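Trainee: Just dropping this structure here.
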Amino acid sequence: MLAWPAPTIPHIPGNAPILEIHDTATDRLVNTAAADQANAPASMYVCGITPYDATHMGHAATYVAFDLLQRTWRDAGRAVNYVQNVTDIDDPLLERAAATGVDWVALAEEQTDLFRADMEALNVIPPQEYIGAVESISWLVPLVEKLVAKDLAYLVPGENGEPDGDIYFDSVAASNEAWKLGTVSGYDRETMLGFFSERGGDPQRPGKRDALDPLLWRVARIGEPRWHGASLGEGRPGWHIECSVIARRFLPAPFTVQGGGSDLIFPHHEFSAGHAAALDGKALAESYVHTGMVGLDGEKMSKSLGNLVLVSKLRAAGVEPVAIRTVLLGQHYRSDWFWTDELLAEGQNRVQRWRKRLPTTSLAEATAVISRIRAKLATDLNAPAALAVLDAYAAQEPDTLDGSESEGGILLSEALDALLGLKLG
Ligand code: 5CA
Ligand code: ZN
């Protein structure tokens, strides 16, 4: 699939400190340059959208957070290989298409287009590889066959008139040195069971070896889209194997960071890692980074609840994307928070204040502000603290003018673009 056009990123002089970021699997801050060589490219996979009702502020906050990670790596001189998927076939997409009477392929294409336009407007650097689940089917079928051959996957009989042959992952037998249940999430079994039912799993399905075993291949049902599955029979893939296979195909094993919202910790990232390790004995990623949930009116913002603030709607109403990005960066990427109109108004005011102050910025002042922003980002991408640095600078009387203001203003404005993705110009 095509991603969206890449922005040009200015190069900013000076040195970025080493970045430490929170890893869900160890619950610690980790130095993402330590495990690989600091000079090797960093590699990142971020779980993409399921294309219906895109792009809400929760999606936007998540992709802006990983964009910040990418920008921080790049500022430290590291190249970044970035891969993202589009879950362009899955139950919720089919359900929405059926409920609204539209073709599921058309719905996915339309919403993916909207997402691309929103990402471009928000100045998010695109992935080098943007891969649809449908594209990945022919790659993943032989890998599911391999899991069956190793007896790490098994067939479950049909129930209630449904066909035999759905294939599940044996999460207990698949334990090895690189992965066992809990490696990514650290959750206890009860917590896992709760999230499994809530997030698309089927703990009660008769015939499974363990209640938590996830689906790898769903054999075709009448009226559902289907693809050739070789010895698996016609059908369509489960969700976790899609991301596992796409990540492994385009990135090293293990890659530097697996990312997504905290709603994906379990079962999605747990089993994406489990599938990969069952196939090649290696960890999926060195670190697992998760963003907090954005809500609206007291509930998590979600397509299924319908409590959405859409980036495209705000843009159509004339809101500047840089103000939206300011609101998103104003909350720490790991916290859960609620979108409000007041936050948007504050974001718009901040942008005006920063813009107004830029032309009176000396080179010395710009250099000092940049170094303070870099220091804030280095500790777990503390963007709210970086924006507070900007507020303090904007509130301060300018230094005595020394003739370097036009250069200083340009340098700082380029740095805000490069480091924070905030294009004020
Ligand atoms: N297609 C799958 C991932 S493979 C999926 O979760 N799609 S999604 O459209 O539901 O979400 C896309 C991304 O946005 C995921 O990383 C998800 O964790 C994140 N996300 C979804 N809702 C929110 C929210 N309310 N706040 C923050 N991030 C969210
Ligand atoms: Zn995913």
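The values are calculated or read from the model by the stated rules, or taken from the named source; none is laboratory data. Note that this is a predicted model, so its numbers are computed, not measured. Glycine gets a Cβ as well: all are built from the backbone with ideal geometry, and neighbour counts include every protein chain shown. We work out accessible area using only protein heavy atoms, side chains counted, and drop any ligands, DNA or RNA first. Shrake-Rupley method; radii C 1.70, N 1.55, O 1.52, S 1.80 Å.
Trainee: If the requirement is being more than 15 Å from ligand 1 (Cβ to nearest atom), in contact with a helix residue (DSSP H, G or I) (Cβ under 7 Å, 6 or more places away or on another chain) and open to solvent by less than 10 Å² (accessible area, probe 1.4 Å), which of these qualifies: V144, V124?
Mentor: Result of the check over V144, V124: V144.
Trainee: Right, S171: hydroxyl-bearing (S, T, Y), more than 16 Å from ligand 2 (Cβ to nearest atom), touching a Leu at 6+ places or on another chain (Cβ under 6 Å) and not in a strand (DSSP E or B) or not?
Mentor: yes
Trainee: Regarding L377, is this residue farther than 29 Å from S262 by Cβ and either of a type outside the set (D, E) or out of contact with any Cys (no Cβ under 7 Å at 6 or more places or on another chain) (or both)?
Mentor: no
Trainee: I've got another one for you. May I ask you to list the residues in the stretch 157-190 that are acidic (D, E) and farther than 17 Å from F271 by Cβ?
Mentor: E159, E162, D164, E177, E190 - these are the residues of the stretch 157-190 that are acidic (D, E) and farther than 17 Å from F271 by Cβ.
Trainee: To continue, here is another question. Mind checking which pairs have a first residue in the stretch 71-88 that is open to solvent by 30 Å² or more (accessible area, probe 1.4 Å) and a second that is part of a helix (DSSP H, G or I), Cβ under 6 Å, 6 or more apart or different chains?
Mentor: Cβ pairs passing all conditions: D75/L419.
Trainee: Here is a follow-up. Any residue at all in the stretch 301-318 that is in contact (Cβ under 8 Å) with a residue 24 or more places away in the chain, away from ligand 2 (no atom under 16 Å from the Cβ), open to solvent by less than 50 Å² (accessible area, probe 1.4 Å) and of a type in the set (V, I, T)?
Mentor: Yes, there is a match, as at least one residue in the stretch 301-318 is in contact (Cβ under 8 Å) with a residue 24 or more places away in the chain, away from ligand 2 (no atom under 16 Å from the Cβ), open to solvent by less than 50 Å² (accessible area, probe 1.4 Å) and of a type in the set (V, I, T).
Trainee: Does at least one position in the stretch 36-58 carry a residue that is closer than 26 Å to V309 by Cβ, out of contact with any Phe, Trp or Tyr (no Cβ under 8 Å at 6 or more places or on another chain) and among the charged types (D, E, K, R)?
Mentor: Taking every residue of the stretch 36-58 in turn, at least one turns out to be closer than 26 Å to V309 by Cβ, out of contact with any Phe, Trp or Tyr (no Cβ under 8 Å at 6 or more places or on another chain) and among the charged types (D, E, K, R).
Trainee: OK, next. Kindly indicate which of G295, G306 is in a loop (DSSP other than H, G, I, E, B), farther than 20 Å from L193 by Cα and of a type outside the set (D, E, K, R).
Mentor: G306
Trainee: What tally of residues in the stretch 381-406 results from selecting those that are closer than 23 Å to N123 by Cβ and not polar (S, T, N, Q)?
Mentor: 12
Trainee: Within the stretch 169-181, take every residue that is touching a Pro at 6+ places or on another chain (Cβ under 9 Å) and open to solvent by less than 10 Å² (accessible area, probe 1.4 Å) and give me the one that is farthest from Y154 (Cα to Cα). Give the derivation first.
Mentor: Residues of the stretch 169-181 touching a Pro at 6+ places or on another chain (Cβ under 9 Å): 169, 171, 178.
From the residues that got through so far, the ones that are open to solvent by less than 10 Å² (accessible area, probe 1.4 Å) too are 169, 171.
Working: F169: 7, S171: 11 Å.
Looking at the filtered set, the residue picked out is S171.
Trainee: Another question about this same structure. Just to be sure before I move on: is Q352 modelled with pLDDT of 95 or more and open to solvent by 70 Å² or more (accessible area, probe 1.4 Å) in the structure I sent? So that I can check it myself, show each step before the final result.
Mentor: Values: modelled with pLDDT of 95 or more: yes; open to solvent by 70 Å² or more (accessible area, probe 1.4 Å): yes.
Yes; evaluated as a whole, the condition is true for this residue.
Trainee: Could you tell me how many of the residues in the stretch 396-425 are touching a helix residue (DSSP H, G or I) at 6+ places or on another chain (Cβ under 8 Å) and part of a helix (DSSP H, G or I)?
Mentor: Going through the stretch 396-425 one residue at a time, the tally reaches 13.
Trainee: Give the residue, chosen from S197, S175, S244, that is under 24 Å from the mean Cα position of the chain (by Cα), among the small types (G, A, S) and closer than 26 Å to E286 by Cβ. Show your work before the answer.
Mentor: Working: S197 fails: closer than 26 Å to E286 by Cβ; S175 fails: under 24 Å from the mean Cα position of the chain (by Cα).
Unique residue meeting the criteria: S244.
Trainee: Still on this structure, please answer the following. Out of the helices (runs of 4 or more DSSP H) lying entirely within the stretch 182-292, which hold 1 or more residues that are of a type in the set (V, I, T) and buried (at least 23 other Cβ atoms within 10 Å of the Cβ)?
Mentor: It comes to 239-250.
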